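Okay, structure first, notes after.
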Amino acid sequence: MLLPTSKTFTSADFPLSGGTVLPELTVAYETWGTLAPDGNNAVLICHGYTSNPHAAGDAAGWMNNLLGPGKAIDTDKYFAVCANNLGSSYGTTGPGSVDPATGKPYGPDFPAYTPSDMVASQLRLIDHLGIKQLAAVIGFSYGGHLTFLWGAQHPERMRALVPIGGVMERTTTLADVQALRDRFAKSCPGWNGGRYYGRERESGVRDLMVTLRVETLTRYGVGKYLTDTTGNPDKAAAAVRERAEKWANEFDANSLIGLSNAGIGSSAKALVADYKAPMLYVLADTDSVVPVALGQPTVDMLREHGLDATFHELKTAYGHLGCMIDGAKWAGALKDFLDRTT
């Protein structure tokens with residue numbers, strides 16, 4: 001689904017790493033601020049695995065604590081762009097899109113793609129918008145991995161890099177993806193090999209998506225945050241459930257599987273010597289998804305290759321999402337880094 005706050009850019013003949021060419025690529029995106037005449041004040045924001053391009057503009061923006069007028073990523077100064085990832089469910093071409101060859105959703109037949117293809121789709125958008133060199137690429141979670149790829153694959157296209165809660169090398173395995181597929185196949189009587197479109201509720205797919213989202217939000221720290229802020233575990237659980245139901249009505253199960261599958265084997269480590277832009281790497285000390293122990297060794301490796309790299313460990317009670325929830329705790333470090341490098 002296309003969010004009411006998003007717009008789209010469409011181009012033809014987009015090649016994927018596996019050799020398939022998408023006849024049409026649509027990228028949904030949102031922007032904040034004004035692009036400078038020389039096109040050099042843009043910041044690319046990369047979102048997480050199951051997130052969307054609505055990063056700011058109101059309280060629903062997932063990066064709203066850090067992005068906006070007068071904030072760490074100051075949209076009075078920068079032109080910020082957040083593109084929905086290739087294969088996702090918020091307006092960019094993916095499994096739920098219509099296959100022009102059949103007139104039906106691609107579904108499980110959507111061609112295999114990689115995070116590098118996601119970067120390439122973002123690059124098309126950046127070029128279309130007239131952006132020359134990005135002031136910075138900043139990404140959270142899966143978007144943090146994309147930030148690492150951007151810096152290694154297109155080192156001349158940005159002046160700063162800020163991966164947040166992401167990894168240089170993804171560790172997803174075929175077994176992980178198969179376990180997710182098996183869960184749908186076993187739990188959803190109308191799964192039909194992933195061909196359930198128009199029958200999301202009757203098939204059981206929507207109910208499992210709600211369950212999966214509750215599990216994810218709890219694991220990511222949202223449940224604890226809502227318990228702490230409401231002071232009532234029952235209210236917090238109800239709020240988590242409400243968020244999960246909204247997301248399940250919007251997100252495609254085939255996208256969930258495809259995005260997981262895309263990450264298998266994706267790594268920027270072989271290109272570690274190619275980084276040029278200074279980097280601020282941020283991880284949360286309570287993150288159970290991306291261990292904080294990865295932070296300093298990653299920065300040390302980059303420094304060994306001559307990169308201006310800094311690790312910032314955020315102290316937060318809220319796990320993986322702590323970097324966004326507690327954005328105020330490290331906004332000063334982010335602003336100082338951007339002021340110095342961009």
Answer residue from region 260-313, given it is free of Cβ contacts under 8 Å to residues at least 40 places away in the same chain and among the polar types (S, T, N, Q) and is most open to solvent (accessible area, probe 1.4 Å) among those: Gln296
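Each row is one residue, and each column tells you yes or no for (1) more than 16 Å from the chain's Cα centre (by Cα); (2) surrounded by 18 or more Cβ atoms within 10 Å (Cβ to Cβ); (3) without any contact (Cβ under 8 Å) to a residue 12 or more places away in the chain.
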site: Phe9; (1), (2), (3): yes, no, no
site: Trp32; (1), (2), (3): yes, yes, no
site: Gly39; (1), (2), (3): yes, no, no
site: His47; (1), (2), (3): no, yes, no
site: Ala59; (1), (2), (3): yes, no, yes
Scope region 155-179; condition buried (at least 16 other Cβ atoms within 10 Å of the Cβ) and aliphatic (A, V, I, L, M); matching residues: Met158, Ala160, Leu161, Val162, Ile164, Val167, Met168, Val177
Cβ pairs under 6 Å, 6+ apart, first in region 64-85 and of a type in the set (Asp, Glu), second surrounded by fewer than 23 Cβ atoms within 10 Å (Cβ to Cβ): Asp76/Pro69
The one condition in (1) open to solvent by 10 Å² or more (accessible area, probe 1.4 Å); (2) under 19 Å from the mean Cα position of the chain (by Cα); (3) not charged (D, E, K, R) that Thr75 fails to fulfil: (2)
Per-region count, region 16-31, residues touching a Leu at 6+ places or on another chain (Cβ under 7 Å) and in a strand (DSSP E or B): 4
Unique residue being open to solvent by 60 Å² or more (accessible area, probe 1.4 Å) and in contact (Cβ under 8 Å) with a residue 40 or more places away in the chain when the list is Lys235, Lys246, Lys224: Lys224
Selection status of Arg170, within 18 Å of the chain's Cα centre (by Cα) and of a type in the set (Lys, Arg): yes
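The values are calculated or read from the model by the stated rules, or taken from the named source; none is laboratory data. Given the structure is predicted, the values throughout are model-derived calculations rather than measurements. Using ideal geometry, Cβ is built from the backbone for each residue, glycine included, and neighbour counts are taken over all protein chains shown. The area values use the complete protein model at the heavy-atom level, side chains included, leaving out ligands, DNA and RNA. Shrake-Rupley method; radii C 1.70, N 1.55, O 1.52, S 1.80 Å.
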